[in-house]
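Taking it in order: structure first as C-alpha coordinates, then the write-up.
The values are calculated or read from the model by the stated rules, or taken from the named source; none is laboratory data. Small disclaimer: the values here were computed from a predicted structure and weren't measured. Ideal geometry is used to build each Cβ from the backbone, glycine not excepted, and the neighbour counts take in all protein chains shown. For accessibility, only protein heavy atoms count, side chains too; no ligands or nucleic acids. Shrake-Rupley method; radii C 1.70, N 1.55, O 1.52, S 1.80 Å.
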Amino acid sequence: MKTFFHVSDIGDLKAALEEAKQVKATPYAWKHLGVNKTIMLVFFNSSLRTRLSSQKAALNLGMDPIVLNIGQDSWKLETEMGVVMDGDKSEHLREAIPVMASYCDIIGVRSFAGLKDREYDYNETVLRQFIEYSGKPVISLESATVHPCQAFADLITIEEYRKTRRPKVVLTWAPHPRALPQAVPNSFAEWMNAADVDLVITHPHGYELDPKFTGGAVVEYDQMKALEGADFVYAKNWSCPGVTDPSQYGAILSKDMGWTVDARHMAVTNNAFFMHCLPVRRNMIVSDEVIDSPESLVIPEAANRVVSAQVVMKRMLEDLAK
Ligand code: CP
(Lines give C-alpha, C1' and ligand atoms only; values in the text may rest on other atoms or scores of the structure.)
Protein backbone atom coordinates (compact mmCIF):
# COMPACT_ATOMS: atom_id res chain seq x y z
CA MET A 1 0.00 0.00 0.00
CA LYS A 2 1.62 3.28 -1.15
CA THR A 3 -1.11 5.67 -0.02
CA PHE A 4 -4.01 5.58 2.42
CA PHE A 5 -6.66 8.15 1.56
CA HIS A 6 -9.67 6.31 0.19
CA VAL A 7 -11.55 3.13 1.00
CA SER A 8 -10.28 1.68 -2.29
CA ASP A 9 -6.72 1.83 -0.88
CA ILE A 10 -7.58 -0.86 1.69
CA GLY A 11 -8.82 -3.33 -0.94
CA ASP A 12 -11.23 -6.05 0.18
CA LEU A 13 -13.13 -4.55 3.11
CA LYS A 14 -14.11 -7.89 4.66
CA ALA A 15 -10.45 -8.99 4.64
CA ALA A 16 -9.43 -5.67 6.21
CA LEU A 17 -12.01 -6.06 8.99
CA GLU A 18 -10.81 -9.61 9.64
CA GLU A 19 -7.23 -8.32 9.80
CA ALA A 20 -8.36 -5.59 12.21
CA LYS A 21 -9.83 -8.27 14.47
CA GLN A 22 -6.51 -10.14 14.51
CA VAL A 23 -4.51 -6.97 15.14
CA LYS A 24 -6.80 -6.04 18.03
CA ALA A 25 -6.52 -9.52 19.56
CA THR A 26 -2.72 -9.75 19.23
CA PRO A 27 -1.37 -6.21 18.80
CA TYR A 28 2.30 -7.15 19.29
CA ALA A 29 2.36 -10.15 16.93
CA TRP A 30 3.93 -8.08 14.10
CA LYS A 31 6.51 -6.19 16.18
CA HIS A 32 9.32 -7.57 14.01
CA LEU A 33 7.98 -5.73 10.94
CA GLY A 34 8.90 -2.27 12.23
CA VAL A 35 12.38 -2.94 13.56
CA ASN A 36 14.75 -0.22 12.28
CA LYS A 37 11.84 1.53 10.57
CA THR A 38 10.73 5.11 11.28
CA ILE A 39 7.39 6.79 10.73
CA MET A 40 7.22 10.59 10.52
CA LEU A 41 3.91 12.03 11.77
CA VAL A 42 3.58 15.58 10.46
CA PHE A 43 0.90 17.79 12.03
CA PHE A 44 -0.12 21.12 10.51
CA ASN A 45 -3.14 21.11 12.90
CA SER A 46 -4.04 20.10 16.46
CA SER A 47 -4.84 16.51 17.40
CA LEU A 48 -5.30 14.28 20.42
CA ARG A 49 -6.53 10.91 19.10
CA THR A 50 -4.72 10.82 15.76
CA ARG A 51 -1.41 11.86 17.27
CA LEU A 52 -1.55 9.32 20.12
CA SER A 53 -3.19 6.41 18.28
CA SER A 54 -0.73 6.69 15.39
CA GLN A 55 2.23 6.65 17.78
CA LYS A 56 0.77 3.69 19.69
CA ALA A 57 0.11 1.77 16.47
CA ALA A 58 3.69 2.43 15.31
CA LEU A 59 5.10 1.31 18.67
CA ASN A 60 2.98 -1.88 18.59
CA LEU A 61 4.61 -2.66 15.24
CA GLY A 62 8.13 -2.02 16.56
CA MET A 63 8.54 1.24 14.62
CA ASP A 64 10.07 4.46 15.88
CA PRO A 65 7.63 7.37 15.53
CA ILE A 66 8.82 10.97 15.11
CA VAL A 67 6.16 13.65 15.59
CA LEU A 68 6.63 17.08 14.04
CA ASN A 69 4.28 20.00 14.73
CA ILE A 70 4.71 22.34 11.78
CA GLY A 71 5.15 25.96 12.79
CA GLN A 72 5.71 25.07 16.46
CA ASP A 73 8.61 22.58 16.35
CA SER A 74 9.65 23.55 12.82
CA TRP A 75 9.83 26.58 10.56
CA LYS A 76 6.51 27.78 9.20
CA LEU A 77 6.10 26.15 5.80
CA GLU A 78 4.91 27.67 2.53
CA THR A 79 2.56 25.26 0.73
CA GLU A 80 1.77 27.18 -2.46
CA MET A 81 4.06 27.15 -5.50
CA GLY A 82 5.22 30.28 -7.30
CA VAL A 83 4.88 32.69 -4.38
CA VAL A 84 7.45 35.30 -3.33
CA MET A 85 8.32 34.12 0.17
CA ASP A 86 8.55 37.54 1.80
CA GLY A 87 6.15 36.74 4.67
CA ASP A 88 6.48 34.72 7.88
CA LYS A 89 7.04 31.36 6.16
CA SER A 90 10.73 30.48 6.16
CA GLU A 91 10.75 27.19 4.24
CA HIS A 92 8.82 25.66 1.33
CA LEU A 93 7.24 22.22 1.34
CA ARG A 94 9.22 21.54 -1.86
CA GLU A 95 12.42 21.27 0.22
CA ALA A 96 10.92 20.28 3.58
CA ILE A 97 9.16 17.15 2.26
CA PRO A 98 12.19 15.43 0.70
CA VAL A 99 14.25 16.35 3.78
CA MET A 100 11.66 14.80 6.12
CA ALA A 101 11.36 11.79 3.80
CA SER A 102 15.11 11.21 4.01
CA TYR A 103 14.72 10.58 7.75
CA CYS A 104 11.87 8.04 7.62
CA ASP A 105 10.22 5.10 5.86
CA ILE A 106 6.53 6.10 6.10
CA ILE A 107 4.93 9.55 6.40
CA GLY A 108 1.59 10.47 8.00
CA VAL A 109 0.20 13.96 7.38
CA ARG A 110 -2.49 16.01 9.09
CA SER A 111 -3.37 19.03 7.00
CA PHE A 112 -6.90 20.40 7.34
CA ALA A 113 -8.90 22.17 4.70
CA GLY A 114 -8.44 25.94 4.73
CA LEU A 115 -12.13 26.32 3.75
CA LYS A 116 -11.30 29.38 1.63
CA ASP A 117 -10.63 27.89 -1.80
CA ARG A 118 -12.68 24.80 -2.67
CA GLU A 119 -10.50 23.86 -5.63
CA TYR A 120 -7.28 24.08 -3.59
CA ASP A 121 -8.78 21.94 -0.80
CA TYR A 122 -10.59 19.39 -2.97
CA ASN A 123 -7.44 18.88 -5.07
CA GLU A 124 -5.70 17.85 -1.81
CA THR A 125 -2.93 20.27 -2.77
CA VAL A 126 -0.79 19.72 0.35
CA LEU A 127 -1.18 15.94 0.50
CA ARG A 128 -0.37 15.60 -3.20
CA GLN A 129 2.93 17.38 -2.63
CA PHE A 130 3.81 14.83 0.06
CA ILE A 131 3.14 12.00 -2.40
CA GLU A 132 5.05 13.67 -5.21
CA TYR A 133 8.12 14.86 -3.30
CA SER A 134 8.58 12.21 -0.60
CA GLY A 135 8.73 8.97 -2.58
CA LYS A 136 7.49 7.28 0.62
CA PRO A 137 4.15 5.66 1.55
CA VAL A 138 1.81 8.44 2.73
CA ILE A 139 -1.10 8.18 5.19
CA SER A 140 -3.75 10.90 5.50
CA LEU A 141 -4.14 11.67 9.20
CA GLU A 142 -7.04 13.93 8.14
CA SER A 143 -6.28 15.97 5.11
CA ALA A 144 -8.41 18.55 3.32
CA THR A 145 -11.15 16.18 2.18
CA VAL A 146 -10.69 12.80 3.90
CA HIS A 147 -10.06 11.19 7.29
CA PRO A 148 -9.65 7.51 6.38
CA CYS A 149 -8.09 6.31 9.68
CA GLN A 150 -11.20 7.63 11.44
CA ALA A 151 -13.65 6.07 8.96
CA PHE A 152 -11.90 2.70 9.15
CA ALA A 153 -12.06 2.83 12.98
CA ASP A 154 -15.75 3.76 12.72
CA LEU A 155 -16.41 0.75 10.52
CA ILE A 156 -14.48 -1.56 12.87
CA THR A 157 -16.68 -0.26 15.72
CA ILE A 158 -19.91 -0.79 13.76
CA GLU A 159 -18.75 -4.31 12.90
CA GLU A 160 -18.15 -5.03 16.61
CA TYR A 161 -21.52 -3.67 17.83
CA ARG A 162 -23.95 -4.42 14.99
CA LYS A 163 -26.97 -6.56 15.96
CA THR A 164 -28.23 -7.14 12.43
CA ARG A 165 -26.46 -8.31 9.29
CA ARG A 166 -27.12 -5.01 7.50
CA PRO A 167 -27.65 -2.20 10.02
CA LYS A 168 -29.20 1.17 9.22
CA VAL A 169 -26.53 3.84 9.79
CA VAL A 170 -27.56 7.51 9.89
CA LEU A 171 -25.01 10.28 9.41
CA THR A 172 -26.58 13.41 10.86
CA TRP A 173 -25.33 16.98 10.64
CA ALA A 174 -25.41 18.81 14.01
CA PRO A 175 -24.71 22.46 14.91
CA HIS A 176 -21.30 23.87 15.84
CA PRO A 177 -20.11 27.42 16.55
CA ARG A 178 -17.16 27.26 14.11
CA ALA A 179 -16.83 26.30 10.45
CA LEU A 180 -15.51 22.74 10.21
CA PRO A 181 -14.15 20.80 7.20
CA GLN A 182 -16.00 17.96 5.47
CA ALA A 183 -13.23 15.36 5.78
CA VAL A 184 -14.92 13.22 8.45
CA PRO A 185 -18.39 13.05 6.85
CA ASN A 186 -16.82 12.59 3.38
CA SER A 187 -14.80 9.58 4.51
CA PHE A 188 -17.60 8.20 6.69
CA ALA A 189 -19.98 8.26 3.71
CA GLU A 190 -17.37 6.77 1.38
CA TRP A 191 -16.58 3.88 3.77
CA MET A 192 -20.23 3.19 4.69
CA ASN A 193 -21.14 3.04 1.01
CA ALA A 194 -18.53 0.33 0.56
CA ALA A 195 -19.64 -1.58 3.67
CA ASP A 196 -22.55 -3.90 4.38
CA VAL A 197 -24.81 -1.18 5.83
CA ASP A 198 -27.71 1.00 4.69
CA LEU A 199 -26.52 4.61 4.88
CA VAL A 200 -28.90 7.55 5.26
CA ILE A 201 -27.51 11.11 5.42
CA THR A 202 -29.49 13.95 6.98
CA HIS A 203 -28.65 17.66 7.08
CA PRO A 204 -30.26 21.05 6.48
CA HIS A 205 -30.56 22.22 2.87
CA GLY A 206 -27.26 23.58 1.52
CA TYR A 207 -25.03 21.07 3.34
CA GLU A 208 -25.03 18.48 0.51
CA LEU A 209 -21.74 16.57 0.55
CA ASP A 210 -19.76 15.92 -2.63
CA PRO A 211 -21.36 13.00 -4.56
CA LYS A 212 -17.82 11.69 -5.10
CA PHE A 213 -18.07 10.52 -1.47
CA THR A 214 -21.81 10.03 -0.91
CA GLY A 215 -22.43 8.02 -4.08
CA GLY A 216 -25.97 6.70 -4.06
CA ALA A 217 -26.61 7.19 -0.33
CA VAL A 218 -30.13 8.30 0.60
CA VAL A 219 -30.33 11.97 1.66
CA GLU A 220 -33.31 12.80 3.90
CA TYR A 221 -33.74 16.45 4.92
CA ASP A 222 -36.19 15.60 7.73
CA GLN A 223 -33.83 14.59 10.55
CA MET A 224 -36.47 12.80 12.65
CA LYS A 225 -37.65 10.81 9.63
CA ALA A 226 -34.05 9.87 8.79
CA LEU A 227 -33.44 8.63 12.33
CA GLU A 228 -36.48 6.33 12.43
CA GLY A 229 -35.33 2.74 12.96
CA ALA A 230 -31.61 3.65 12.92
CA ASP A 231 -29.18 1.13 14.45
CA PHE A 232 -26.28 3.60 14.56
CA VAL A 233 -26.45 7.41 14.75
CA TYR A 234 -23.24 9.15 13.67
CA ALA A 235 -23.32 12.86 14.47
CA LYS A 236 -20.95 15.40 12.93
CA ASN A 237 -20.89 19.03 12.01
CA TRP A 238 -19.56 20.23 8.68
CA SER A 239 -19.54 23.58 6.92
CA CYS A 240 -21.07 24.15 3.49
CA PRO A 241 -19.27 21.88 0.98
CA GLY A 242 -20.08 24.33 -1.84
CA VAL A 243 -21.05 21.60 -4.28
CA THR A 244 -23.71 23.63 -6.08
CA ASP A 245 -22.42 27.10 -5.14
CA PRO A 246 -18.62 27.21 -4.61
CA SER A 247 -18.91 30.81 -3.34
CA GLN A 248 -20.58 29.38 -0.20
CA TYR A 249 -17.76 26.88 0.43
CA GLY A 250 -16.88 26.78 4.14
CA ALA A 251 -19.86 28.91 5.20
CA ILE A 252 -22.00 28.23 8.26
CA LEU A 253 -25.54 28.11 6.88
CA SER A 254 -27.32 27.00 10.05
CA LYS A 255 -26.85 26.87 13.80
CA ASP A 256 -30.26 25.29 14.38
CA MET A 257 -30.05 23.70 17.84
CA GLY A 258 -33.04 21.53 16.92
CA TRP A 259 -30.45 19.30 15.15
CA THR A 260 -28.49 18.62 18.38
CA VAL A 261 -28.83 14.87 18.95
CA ASP A 262 -30.77 14.38 22.18
CA ALA A 263 -33.07 11.81 23.82
CA ARG A 264 -35.98 12.92 21.62
CA HIS A 265 -33.98 11.99 18.51
CA MET A 266 -32.69 8.71 19.92
CA ALA A 267 -36.25 7.69 20.94
CA VAL A 268 -37.29 7.13 17.30
CA THR A 269 -34.30 4.87 16.55
CA ASN A 270 -33.98 1.13 16.98
CA ASN A 271 -32.29 1.68 20.36
CA ALA A 272 -29.38 2.98 18.31
CA PHE A 273 -25.77 3.31 19.31
CA PHE A 274 -24.43 6.87 19.27
CA MET A 275 -21.14 7.63 17.52
CA HIS A 276 -18.93 10.69 17.06
CA CYS A 277 -15.26 10.95 16.04
CA LEU A 278 -14.40 13.38 18.92
CA PRO A 279 -13.53 16.01 19.94
CA VAL A 280 -17.19 16.84 20.50
CA ARG A 281 -18.95 19.96 21.76
CA ARG A 282 -21.41 18.73 24.39
CA ASN A 283 -24.94 20.14 24.14
CA MET A 284 -24.14 21.51 20.66
CA ILE A 285 -23.60 18.27 18.72
CA VAL A 286 -25.06 15.89 21.31
CA SER A 287 -26.77 16.20 24.68
CA ASP A 288 -25.00 15.07 27.86
CA GLU A 289 -27.74 12.50 28.32
CA VAL A 290 -27.02 10.79 24.99
CA ILE A 291 -23.22 10.89 25.05
CA ASP A 292 -23.20 9.62 28.65
CA SER A 293 -25.72 6.82 27.92
CA PRO A 294 -24.77 3.12 27.67
CA GLU A 295 -25.48 3.37 23.92
CA SER A 296 -22.64 5.86 23.41
CA LEU A 297 -19.69 4.30 21.56
CA VAL A 298 -17.41 7.33 21.47
CA ILE A 299 -14.73 5.78 23.69
CA PRO A 300 -14.50 2.33 22.01
CA GLU A 301 -14.60 4.17 18.67
CA ALA A 302 -11.59 6.29 19.68
CA ALA A 303 -9.79 3.18 21.01
CA ASN A 304 -10.23 1.55 17.60
CA ARG A 305 -8.16 4.35 16.08
CA VAL A 306 -5.08 2.37 17.17
CA VAL A 307 -6.40 -0.71 15.36
CA SER A 308 -7.19 1.06 12.08
CA ALA A 309 -3.82 2.85 12.06
CA GLN A 310 -2.01 -0.38 12.86
CA VAL A 311 -3.61 -2.32 10.01
CA VAL A 312 -2.60 0.42 7.57
CA MET A 313 0.97 0.71 8.87
CA LYS A 314 1.31 -3.09 8.98
CA ARG A 315 0.37 -3.35 5.33
CA MET A 316 2.80 -0.59 4.38
CA LEU A 317 5.60 -2.31 6.31
CA GLU A 318 4.77 -5.66 4.66
CA ASP A 319 5.03 -3.98 1.25
CA LEU A 320 8.36 -2.36 2.18
CA ALA A 321 9.69 -5.78 3.17
CA LYS A 322 8.94 -7.28 -0.27
N1 CP B 1 -11.03 12.13 15.71
C2 CP B 1 -9.83 12.74 15.60
O3 CP B 1 -9.20 12.74 14.54
O4 CP B 1 -9.38 13.30 16.76
P5 CP B 1 -8.12 14.30 16.86
O6 CP B 1 -8.47 15.51 16.03
O7 CP B 1 -7.99 14.61 18.31
O8 CP B 1 -6.92 13.61 16.31
Note to self: List the helices (runs of 4 or more DSSP H) inside the range 1-106, counting only whole elements, that have at least 1 residues being under 21 Å from Glu301 (Cβ atoms) and open to solvent by 20 Å² or more (accessible area, probe 1.4 Å).
What the structure shows: 13-25, 49-60
Margin query: For the structure I just gave you, tell me whether Gly258 is more than 27 Å from Lys24 (Cβ to Cβ) and either β-branched (Val, Ile, Thr) or in contact with a Lys or Arg (Cβ under 6 Å, 6 or more places away or on another chain) (or both).
Written below: no
Notebook entry, point to check: Among the helices (runs of 4 or more DSSP H) contained in the range 226-322, which hold 1 or more residues that are open to solvent by less than 40 Å² (accessible area, probe 1.4 Å) and within 16 Å of the ligand (Cβ to nearest atom)?
Noted result: 288-291, 298-320
Check: Out of curiosity, is Val99 modelled with pLDDT of 95 or more, within 16 Å of the ligand (Cβ to nearest atom) and either under 12 Å from the mean Cα position of the chain (by Cα) or more than 29 Å from Pro246 (Cβ to Cβ) (or both)?
Finding: no
Next item on the list: Select from the range 113-169 the residues that are among the hydrophobic types (A, V, I, L, M, F, W, C) and not in a helix (DSSP H, G or I) and write down the one among them that is nearest to the ligand (Cβ to nearest atom).
Entry: Leu141
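Residue-by-condition table, conditions (1) buried (at least 23 other Cβ atoms within 10 Å of the Cβ); (2) within 15 Å of the chain's Cα centre (by Cα); (3) not polar (S, T, N, Q); (4) not assigned by TED's automatic domain parsing to the domain that holds Asp198:
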site: Leu127; (1), (2), (3), (4): no, yes, yes, yes
site: Ile139; (1), (2), (3), (4): yes, yes, yes, yes
site: Asp154; (1), (2), (3), (4): yes, yes, yes, no
site: Thr157; (1), (2), (3), (4): yes, yes, no, no
